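One structure is given below, encoded as structure tokens.
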Amino acid sequence: MSDLVSIFLHLLLFKMVAPVTFHHHRYDDLVRMLYKVHNECPHITRVYSIGRSVKGRHLYVLEFSDYPGIHEPLEPEVKYVGNMHGNEVLGRELLLQLSEFLCEEFRNRNQRIVRLVEDTRIHIMPSMNPDGYEVAAAAQERDISGYLVGRNNANGVDLNRNFPDLNTYIYYNEKNGGPNHHLPLPDNWKSQVEPETQAVIQWIRSFNFVLSANLHGGAVVANYPYDKSLEHRVRGFRRTANTPTPDDKLFQKLAKVYSYAHGWMHQGWNCGDYFPDGITNGASWYSLSKGMQDFNYLHTNCFEITLELSCDKFPLQGELQREWLGNREALIQFLEQVHQGIKGMVRDENYNNLADAVISVSGINHDVTSGAHGDYFRLLLPGTYTVTATAPGFDPETVSVTVGPAEPKLVNFQLKRSTPQAATKRRIPNSGHRGRVLPKKVQPRAARKKETMMKQPQRGPA
Ligand SMILES: [Zn+2]
């Protein structure tokens, strides 16, 4: 083979296999990278900041959508959060790689990625703790090793122990009755949390997120809620025990989708630990209070899991490409999981959209609510369910639904105003919310689009 042909083939291969460079990105590099992706794909991306860290660094998010900046009714919102612990850096790099990958594959008209971006609004935050990262990266450069250097934020606080503790309330309510979702924040919550945590709480309250993953390192396992153990005293001893949510089977499936699409997570033996199927209930591994995944589930409609992605919290640069190839398919498949279960519009008799209507599934003691546009999303495994929509001032409506394994089933509700006598007799279970009638009809453009476009999800090459 002539040298020229060899160089040409090498360049071709390089372009196909490694269009991006695999190296660690300090803060300025990270910001440049986000804007680079945005400039390459301006029509399907938006860069925004949800606030600043203690040291004033922005907490940037890169959004992917066919209409960036806009919530399209019936199009679910999903998020990835990386680098919450500043010294656990693989998630940060994987999310940058993922951003570049989504942009390039969309431009290459990869049908799987085109459909994902058109049907889903994806929010990617590569670093929730940019201050901690800089400390960890500086220590790495000076070859100072330390398992915890850079883990916390600049005030020395572990951000995954910094969210309001709502588990105590839910464990009480599960025993004694009371709301099973959207537990309220304490009045003084802002004074109890760090700036990064406050920004994230405001962020997850302002979007109706349905699905999320929080990327960590130090082990290789997909960890699902609850993280905080419902502590039992056994003959005077305290032990932590598997503490499942009412959505345990669904969470196990979400975790397994990641672990089995991952190159080696599902094998179970990693970093000297063994987790069957590469998944674990958080509390049964070790109990953790005030974590982010429990908070997402108990305060919002969002189902979040925590992904532990590498034994080494700060992998060598030379490891990054292998890690990306091991995680790429899993990162895409997990996003696709948001398209399952049921979804639909909740409206009144005059076709006004109802926000904050409560959607209950019989047998699952965890309700979800409709978002500001009157649309709701309820992740469910395949099966037949009895589903009820309620809103104060309206008669509840109950339907039986059979959910298949592929695309979500569209189930719309049209609630009738209740007559005054009926309203006094009826007790609306677990609501605690006011159904809000929206003045204007929001055209469910996504709904029409879905009906024509949604097909069986492809599992082609990514
Ligand atoms: Zn961590």
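Please tell me if Val220 is in a strand (DSSP E or B), modelled with pLDDT of 95 or more and more than 16 Å from the ligand (Cβ to nearest atom).
No; evaluated as a whole, the condition is false for this residue.
Checking Tyr80 against (1) more than 16 Å from the ligand (Cβ to nearest atom); (2) under 30 Å from Val411 (Cβ atoms), only one condition comes out false. Which one?
Tyr80 satisfies every listed condition except (1).
This table checks each residue for (1) outside any strand (DSSP E or B); (2) crowded, with 17+ Cβ neighbours inside 10 Å; (3) not assigned by the TED database to the domain that holds Leu211.
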{"residue": "Gly263", "(1), (2), (3)": "yes, no, no"}
{"residue": "Ser289", "(1), (2), (3)": "yes, no, no"}
{"residue": "Phe295", "(1), (2), (3)": "yes, yes, no"}
{"residue": "Glu304", "(1), (2), (3)": "no, yes, no"}
{"residue": "Pro315", "(1), (2), (3)": "yes, yes, no"}
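Within segment 84-92, identify whether any single residue is open to solvent by less than 10 Å² (accessible area, probe 1.4 Å) and away from the ligand (no atom under 14 Å from the Cβ), and answer yes or no.
no
Looking at segment 132-160 only, could you name the residues that are surrounded by fewer than 15 Cβ atoms within 10 Å (Cβ to Cβ) and of a type in the set (D, E, K, R)? Explain how you work it out, then say what you get.
Taking segment 132-160 first, the residues surrounded by fewer than 15 Cβ atoms within 10 Å (Cβ to Cβ) are 138, 141-148, 155-156.
Answer for segment 132-160, where residues must be surrounded by fewer than 15 Cβ atoms within 10 Å (Cβ to Cβ) and of a type in the set (D, E, K, R): Glu141, Arg142, Asp143.
Where the second residue is in a loop (DSSP other than H, G, I, E, B) and of a type in the set (S, T, N, Q) and the first is touching a residue at least 40 places away in the same chain (Cβ under 8 Å) and within 16 Å of the ligand (Cβ to nearest atom) and lies in segment 313-331, which pairs have Cβ atoms under 7 Å and are six or more apart or on separate chains?
Lys313/Asn87; Phe314/Asn87
Okay, residues lined up against (1) touching a helix residue (DSSP H, G or I) at 6+ places or on another chain (Cβ under 7 Å); (2) part of a loop (DSSP other than H, G, I, E, B); (3) open to solvent by 10 Å² or more (accessible area, probe 1.4 Å):
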site	(1), (2), (3)
Glu75	yes, yes, no
Lys79	no, no, no
Leu94	yes, no, no
Leu98	yes, no, no
Glu105	yes, no, yes
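Anything in segment 151-192 that is within 16 Å of the ligand (Cβ to nearest atom) and not charged (D, E, K, R)? List them, or say none. Write out each step before concluding.
At the first step, the residues of segment 151-192 found to be within 16 Å of the ligand (Cβ to nearest atom) are 151-153, 156-163.
Matches in segment 151-192: Asn152, Asn153, Gly156, Val157, Leu159, Asn160, Asn162, Phe163.
Somewhere in segment 186-199, is a residue touching a strand residue (DSSP E or B) at 6+ places or on another chain (Cβ under 7 Å), under 16 Å from Phe295 (Cβ atoms) and β-branched (Val, Ile, Thr)?
no
Looking at (1) at pLDDT below 95; (2) surrounded by fewer than 20 Cβ atoms within 10 Å (Cβ to Cβ); (3) under 30 Å from Cys311 (Cα atoms), which is the only condition Tyr169 fails?
Among (1) at pLDDT below 95; (2) surrounded by fewer than 20 Cβ atoms within 10 Å (Cβ to Cβ); (3) under 30 Å from Cys311 (Cα atoms), Tyr169 violates only (3).
Evaluate the following for Tyr172: is it hydroxyl-bearing (Ser, Thr, Tyr), closer than 30 Å to Pro246 by Cβ and not in a loop (DSSP other than H, G, I, E, B)?
Details: hydroxyl-bearing (Ser, Thr, Tyr): yes; closer than 30 Å to Pro246 by Cβ: yes; not in a loop (DSSP other than H, G, I, E, B): yes.
Yes, satisfied.
Looking at (1) farther than 25 Å from Asn162 by Cβ; (2) without any contact (Cβ under 8 Å) to a residue 60 or more places away in the chain, can you tell me which one Gly56 breaks?
(1)
The values are calculated or read from the model by the stated rules, or taken from the named source; none is laboratory data. Not measured: the values here are computed from a predicted model. We place every Cβ from the backbone using ideal geometry, glycine too, and count neighbours over all the protein chains shown. For the accessible areas, the whole protein counts, side chains as well, though only heavy atoms, and no ligand, DNA or RNA atoms are used. Shrake-Rupley method; radii C 1.70, N 1.55, O 1.52, S 1.80 Å.
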